[in-house]
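Participant: Below you'll find the structure I mean.
Each reported figure results from applying straightforward, stated rules to the coordinates on display, with no laboratory input. Since we're looking at a predicted model, the values are computed, not measured. In this analysis, Cβ positions are derived from the backbone assuming ideal geometry, glycine residues included, and neighbour counts consider all displayed protein chains.
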Amino acid sequence: MATTPHPDTLLIAYLRGELAESDRRSVADHLAACSECARAAEDFQRILSDLGSSLPEPPRVHWGAYRAELREKLEARRRAWGWQWLRRPVPLALSAAAAGVFLILGVQSWISGPHVNGDLASLEETVVASRLDLLRQYAVIERLDLWEDLDVVRRLDELYPSRKG
Amino acid sequence: MELSDEALCERVASRDEAAFNLLVERYQQRAYRLAWSILRDAEEARDLSQEAFIRLYQAAGSFGGRARFSTWFYRILVNLCLDHRRKHRWWRRVVAPEHSEDEGSVLERLPAPAEDPLEELGRGRVMSRLWAAVDGLSHQQRAALLLQVREGLPTAEIALVLKCSEATVRVHLHRALTALRKILGGA
């Protein structure tokens, strides 16, 4: 009858030769004196051996297809990582700062008057430029009552075809 | 001269595609088989083993070389598989309350009989019962046992893979084998 406690959790390490010398000797002494543990050790050894010799095989895989699929998945993940980069703290802060700067500049340009007047002036110039032909005929126009002879104004070019072009 | 797994992993960290492909070729079978042993589902094993390679690619820079590459990689893979099993436990109970996908075919997947067909058939049945019993173990016990039996990892490395102490691994293995022994009528 063994006097030492049953070395339950050391049994497998003992069977696999993983124990330090002092532990190994202690377990060996116990097994020599305890038939219960000796039987358990024997059964464990048999079960481990059976498991090792009967490893079930998974369904077969075509490894070329497996690697091709893996490459596709990796590519898809890389694209996702690219977008995730924008959501990291530093890029996010930089984007927010840039957006803030644009917002401030936009508000400033909207508030400041000269830019607005300048834009209106250039719009007026554009409109006037599109009416240059009309202005060239000003000598005729000033003799007309515009409100009554709109048809004449519209057909000024026909009145002075030689000056066209 | 052939580069070690650890050296290849360092190259993967600097986005060396050839090194990554080489590591995949070296580990694809082991990764798939181990994942299948834990999950017992071919599609899931294929998917999660590929996911483990993607994680490897992503995290290669964090491999410090303190452990062996295989231990580090198995840790990624086994954690993925155990997480997956935990998340889908309720679903398995609903869809297949008693049997996992491949459980019924364990006998068919055992190595072919050698000499005496009757003796081998009897042995095949015992092995079938044994592996069915392995399927019934807790996730941690099953993972510890498979890492030992299939991959031949020592207790210290199993502890690294499962992120627990060696003492805990010994407890897992002892409980697993005690349960198997009981099921097989040894105790």
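Participant: Within 10 Å of each Cβ of B:154-166, how many other protein chain Cβ atoms are there on average?
Facilitator: Per-residue shielding by partner chains comes out at 1.
Participant: Which of rounded, prolate or oblate describes the range A:34-104 when judged by the alpha-carbon gyration tensor and an a/c cut-off of 1.5?
Facilitator: In terms of gyration-tensor shape, oblate.
Participant: Among A:Leu74, A:Trp63, A:Ala93, whose Cα projects farthest towards the positive end of the dipole of the range A:5-99, with charges put on the beta-carbon of Lys, Arg (+1) and Asp, Glu (-1)?
Facilitator: A:Ala93
Participant: Could you please rank B:Arg175, A:Arg46, placing first whichever residue has the fewest other Cβ atoms within 10 Å of its Cβ?
Facilitator: Lowest to highest Cβ neighbour count: A:Arg46, B:Arg175.
Participant: Sticking with this one: What do the square roots of 5 times the Cα gyration tensor eigenvalues come to for the range B:139-187, in whole Å, largest first, as semi-axes of the equivalent ellipsoid?
Facilitator: 20, 11, 8
Participant: Then there's this: Net charge within 14 Å of A:Arg78 by Cβ-Cβ distance, Lys/Arg positive one each and Asp/Glu negative one each, not counting A:Arg78 itself?
Facilitator: +3
Participant: Compare the Cα positions of B:Ala18, B:Ser4, B:Val78 along the charge dipole of the range B:1-87 (+1 at Cβ of Lys, Arg; -1 at Cβ of Asp, Glu; about the Cα centre) and return the one farthest towards the positive end.
Facilitator: My answer, from the dipole projection, is B:Val78.
Participant: Determine the sum of side-chain charges near B:Leu22: Lys and Arg each +1, Asp and Glu each -1, restricted to other residues whose C-beta is under 15 angstrom from that of B:Leu22.
Facilitator: Neighbourhood net charge equals -1.
Participant: In a shell of Cβ-Cβ distance under 12 Å around B:Leu184, excluding B:Leu184 itself, what net charge do Lys and Arg (+1) and Asp and Glu (-1) give?
Facilitator: Summing Lys and Arg as +1 and Asp and Glu as -1 gives +3.
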